[in-house]
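First the structure, in the form of structure tokens, and then the observations on it.
The values are calculated or read from the model by the stated rules, or taken from the named source; none is laboratory data. Here the structure is a predicted model, which is why all the values come from computation and not from measurement. Positions of Cβ are generated from backbone atoms using ideal geometry, with glycine treated the same way; all protein chains shown enter the neighbour counts. To get the accessible areas, we keep the full protein, side chains included, count just its heavy atoms, and leave off ligands, DNA and RNA. Shrake-Rupley method; radii C 1.70, N 1.55, O 1.52, S 1.80 Å.
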Amino acid sequence: MQTPYELILGWRYTRAGRATRRNGFISFISGVSMLGIALGVAALIIVLSVMNGFQKEVRDRMLGVLSHIEVFEPGGEAIPNLAGTLAAIERHPEVLGAAPFVGAQALIARGEDMKGALVRGIDPALEPQVTDLVADLADTVLPRLVPGAFGVILGGELARSLGVAQGDTVTLIAPSGQVTPAGVVPRIRQMTVVGVFDSGHFEYDSALALLHMDDAARIFRVEGATGVRVKIKDLHAAREVAISIAADLDPGLLVRDWTRQNRTWFAAVQLEKRMMFIILTLIVAVAAFNLVSTLVKTVTDKHADIAILRTLGASPQSIMGIFMVQGAMVGIIGTGLGLLLGLGVAFNIDTLVPALERALGASFLPQDIYLISRMPSDPQQSDILPIALISLALSFVATIYPSWRASRVNPAEALRYE
């Protein structure tokens with residue numbers, strides 16, 4: 001099968017200037033355009049991969065404390081038919097585990113220091129099935145939560161702000177008071193700190209307190225669990241599974257998945273990622289439109305060649321195709337190099353960044369400031385494929401006008417001064 005001459009000439013013009021001094025400047029501009037496209041594509045892949053990595057790291061830390069799905073009473077009361085609710089949830093094929101809990105807000109005081117806390121009463125036997133954080137504590141701290149002993153496990157930041165450690169006593173103040181002859185007074189209970197945890201997420205380390213579910217029910221005067229925490233097989237399908245579970249439960253119960261609990265944060269991350277994609281795409285666009293100057297100079301330099309081809313019977317469409325092949329080759333090679341460079345850095349960033357830190361004597365993510373001490377990266381096909389397609393599309397668009405101008409060259413005018 002004979003190769004079209006448009007493809008052969010387009011590839012030859014792409015390499016023009018490597019062996020001759022006359023076309024050296026054109027070759028230099030072509031190489032700069034190719035390098036610009038490659039760097040733009042690589043920058044897009046690296047930045048988006050790092051953003052995906054940070055998002056995944058924060059999400060995993062967040063889900064170490066949160067459950068994938070929560071089922072609860074809207075008024076904070078006990079679930080009427082807890083056994084039936086648990087059975088209905090566990091029958092769902094996507095559910096890995098379910099655990100009841102008592103959730104409330106309270107104040108925790110130590111001397112004159114007082115902090116607001118999110119109190120969660122848990123069942124130590126079932127909670128490890130739904131929460132990674134509690135599963136990590138199952139063999140150490142969790143057995144110390146004994147019903148009737150009123151022990152509490154505090155988040156690390158909360159414990160440090162109160163100045164307490166394991167074995168110290170704190171005072172838990174429930175918001176809803178009890179009626180006495182002196183009026184309504186808050187319910188107060190002395191609690192013993194039986195452990196401290198660090199989830200790596202400041203919001204929960206500074207506010208979460210874990211109690212035994214029976215103790216929490218007694219303190220907050222509820223008849224039983226106020227909600228059920230659920231873990232599923234695929235966390236990305238949480239919204240669909242939540243809707244499916246809600247259809248099998250009492251209509252009076254509310255079902256909420258983890259994406260709704262942190263909707264503002266995830267919306268902000270997606271908006272930031274979208275804006276970074278647009279901004280960095282401009283780098284690729286600038287590099288791609290450098291092809292316009294490259295092709296304009298090539299067309300000017302090749303007027304005689306174009307005229308000869310036209311006199312030999314080449315059609316304007318064939319002339320246009322030659323220069324579009326040249327521009328497309330630059331775009332394809334630049335995009336390919338950018339993909340190799342970007343993916344190479346993205347997949348090896350955990351070794352490249354420490355090497356760069358050692359070479360510069362600096363730390364990009366100090367452990368004492370950031371919770372994440374390494375640069376995470378998570379390249380995703382949903383990001384890489386659009387990057388490659390946009391780069392190729394911009395390169396193709398940039399070739400249209402110069403190629404059209406080449407097809408309009410008049411052979412007689414081009415050969416007049418040759």
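Values computed for the structure shown
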item	result
Neighbourhood net charge (14 Å Cβ-Cβ; Lys/Arg +1, Asp/Glu -1) for ALA109	+1
Using alpha-carbon coordinates, inclination of helix 381-407 to the longest axis of the chain, degrees	20
Rounded accessible area of ASP248 (nearest 10 Å², 1.4 Å probe)	100
Degrees between helix 263-301 axis and first principal axis of the chain (Cα, 0 to 90, nearest 10)	10
Per residue accessible area of the chain, 1.4 Å probe, in Å²	51
Accessible-area value, ASP250, 1.4 Å probe, nucleic acids and ligands omitted, Å²	90
With Cα atoms, 0 to 90° folded angle of helix 238-248 axis to the chain main axis	50
For the chain: relative contact order, % (alpha-carbon pairs under 8 angstrom, 6 or more apart)	28
In order through region 81-86: 3J(HN,Hα) via Karplus (6.51 cos²θ - 1.76 cosθ + 1.60), integer Hz, x for Gly, Pro	10, 5, 4, x, 5, 4
Interchain or long-range residues, amide H under 5 Å from HIS92's placed H	none
Helix-derived mean residue ellipticity, 222 nm - over the chain, DSSP H n ≥ 4, -39500 (n - 2.57), to 500	-17000 deg cm²/dmol
Portion, in percent, of the accessible area of the chain that falls on carbon or sulfur, probe 1.4 Å	60
Read-out Kirkwood radius over Cα pairs in Å, derived from the coordinates shown; its label in (i) 26.6; (ii) 21.8; (iii) 22.5	(i)
